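Let me begin by presenting the structure, written as structure tokens, before commenting on it.
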Amino acid sequence: MPARTIDLHTHSSVSDGTERPADLVASAVRAGLGVVALTDHDSTAGWSEASRAVAGTGLTLVPGMELSTRLGFMSVHVLGYLFDPAHPGLVAETARTREARLHRAERIVERIAADYDLTWDDVLAQSGAGSTLGRPHIADALVAKGYAPDRSAAFAGILHWRAGYYEPHEAPTPLDGVRLIRAAGGVPVIAHPATHGRDPNISERSFLELVDAGLLGVEVRHRENTAAGKARLLELAHRHDLVVTGSSDYHGEGKPNRLGENSTDPAQFARIVEAATGSSPVQG
Ligand code: AMP
Ligand code: FE
Ligand code: FE
Ligand code: ZN
């Protein structure tokens, strides 16, 4: 791994990672990263702990978030970097999404409970107070009850939409998400947009709309993007002068993804920092 590896996508226990923000910072230092972005789902609650933890480590923290958005049945994740965490519009929208996620998780658990011995308390036992709830916490509860060997197996089985318990949650559209991140002085980058074959998960038309609204980059090097999809994303990035990123999408022990397994070139990272006006990287 190069000396100053830049990893712009990680999750702590503030959402569905398994490490507290301070422990994630310690893991990033151990992994030899130079820059790490904390991008919990729909929450900035880990920023202050992570900022304190980088002090004296030499690691640079990029405060960020992975915003849930929805286009019909398609869930689209938009990474936001270096925005103002107090921006009222963004604060309100993420609070709404976390609330919608909570009720949606309760409904999924109700349905699963008709067929399996699983309660809402089992799920709460797997999540920190106030953390952004999602299927990963239901997965952990299913693992604890012995219905699956690990999170990935739970996702491939009971939590898969084909199993019949799934439902989506309300969230802003990708276009509103990109606009909100920009309005808050942040830099929007679409997360893992090519997980289903050659074409981006959203149509080219929707994609171009996002670019017009201020989408600055695409996460190309991500383990779930397909090879054909990455090639196509690079074409699109070149044509529209977009920043290209690579990241791990680390979730601690919640996913096999390892810190620094994909990374972002320093020149691309510099464009993100330059475009941001909402907050600054925290130099450790
Ligand atoms: P949700 O947003 O509640 O529908 O859950 C989606 C989240 O679950 C994503 O953010 C992923 O981090 C996580 N996830 C999706 N697939 C898997 C998997 N196969 N193994 C572990 N975590 C997963
Ligand atoms: Fe996640
Ligand atoms: Fe994601
Ligand atoms: Zn993620």
Subject >> Of all residues in the stretch 97-123 being of a type in the set (A, V, I, L, M, F, W, C) and touching a His at 6+ places or on another chain (Cβ under 8 Å), the one that is surrounded by the most Cβ atoms within 10 Å (Cβ to Cβ) >> reply: V123
Subject >> Counted residues, the stretch 51-85 - those being within 16 Å of ligand 1 (Cβ to nearest atom), of a type in the set (S, T, Y) and either surrounded by 17 or more Cβ atoms within 10 Å (Cβ to Cβ) or assigned to a loop (DSSP other than H, G, I, E, B) (or both) >> reply: 2
Original post:
List the pairs whose first member sits in the stretch 185-200 and is under 28 Å from P281 (Cα atoms) and within 14 Å of ligand 4 (Cβ to nearest atom), whose second member is assigned to a loop (DSSP other than H, G, I, E, B) and of a type in the set (A, V, I, L, M, F, W, C), and whose Cβ atoms are under 8 Å apart, counting only residues at least 6 apart or on separate chains?
Top reply: V189/L8; V189/L215; V189/L216; I190/L215; P193/I202
Subject >> Qualifying position, being under 13 Å from D16 (Cα atoms) and either exposed (fewer than 14 other Cβ atoms within 10 Å of the Cβ) or touching a residue at least 60 places away in the same chain (Cβ under 8 Å) (or both), among P136, P172, P149, P168 >> reply: P136
Original post:
What about F207, is it among the aromatic types (F, W, Y), touching a helix residue (DSSP H, G or I) at 6+ places or on another chain (Cβ under 9 Å) and assigned to a helix (DSSP H, G or I)?
Top reply: yes
Original post:
Considering only residues of the stretch 211-231 that are outside any loop (DSSP other than H, G, I, E, B) and in contact with a strand residue (DSSP E or B) (Cβ under 7 Å, 6 or more places away or on another chain), which is nearest to L242 (Cα to Cα)?
Top reply: G217
Subject >> Breaking point among (1) within 16 Å of ligand 3 (Cβ to nearest atom); (2) closer than 21 Å to A171 by Cα, for E93 >> reply: (1)
**OP:** Please enumerate the residues belonging to the stretch 231-255 that are within 16 Å of ligand 1 (Cβ to nearest atom) and within 15 Å of the chain's Cα centre (by Cα).
**Re:** S247, S248, D249, Y250, H251, G252, G254, K255
**OP:** Would you point out which residue out of R20, R52, R30 is more than 21 Å from H169 (Cα to Cα), without any contact (Cβ under 8 Å) to a residue 24 or more places away in the chain and more than 16 Å from ligand 4 (Cβ to nearest atom)?
**Re:** R30
Subject >> Complete set of residues in the stretch 33-46 that are away from ligand 4 (no atom under 15 Å from the Cβ) and closer than 23 Å to A125 by Cα >> reply: A45
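Residue by residue, here is whether (1) of a type in the set (V, I, T); (2) within 19 Å of the chain's Cα centre (by Cα); (3) away from ligand 3 (no atom under 16 Å from the Cβ) holds:
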{"position": "H41", "(1), (2), (3)": "no, yes, no"}
{"position": "A50", "(1), (2), (3)": "no, yes, yes"}
{"position": "L59", "(1), (2), (3)": "no, no, yes"}
{"position": "T69", "(1), (2), (3)": "yes, yes, no"}
{"position": "A105", "(1), (2), (3)": "no, yes, yes"}
{"position": "E110", "(1), (2), (3)": "no, no, yes"}
{"position": "D115", "(1), (2), (3)": "no, no, yes"}
{"position": "W120", "(1), (2), (3)": "no, no, yes"}
Subject >> Positions within the stretch 29-49 being closer than 25 Å to S75 by Cβ and not in a loop (DSSP other than H, G, I, E, B), in sequence order >> reply: V36, A37, L38, H41, W47
**OP:** Would you confirm whether any residue within the stretch 209-223 is in contact with a Lys or Arg (Cβ under 8 Å, 6 or more places away or on another chain), farther than 19 Å from R96 by Cβ and at pLDDT below 95?
**Re:** no
Original post:
Can you tell which of S248, S280, S263 is part of a loop (DSSP other than H, G, I, E, B) and surrounded by fewer than 15 Cβ atoms within 10 Å (Cβ to Cβ)?
Top reply: S280
**OP:** Report those helices (runs of 4 or more DSSP H) wholly inside the stretch 86-179 carrying at least 1 residues which are within 11 Å of ligand 1 (Cβ to nearest atom).
**Re:** 88-113, 135-144, 151-156
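The values are calculated or read from the model by the stated rules, or taken from the named source; none is laboratory data. Just so we're clear, the structure is a prediction, and the values are computed from it rather than from any experiment. Here Cβ is always computed from backbone atoms with ideal geometry, including for glycine, and neighbour counts include all displayed protein chains.
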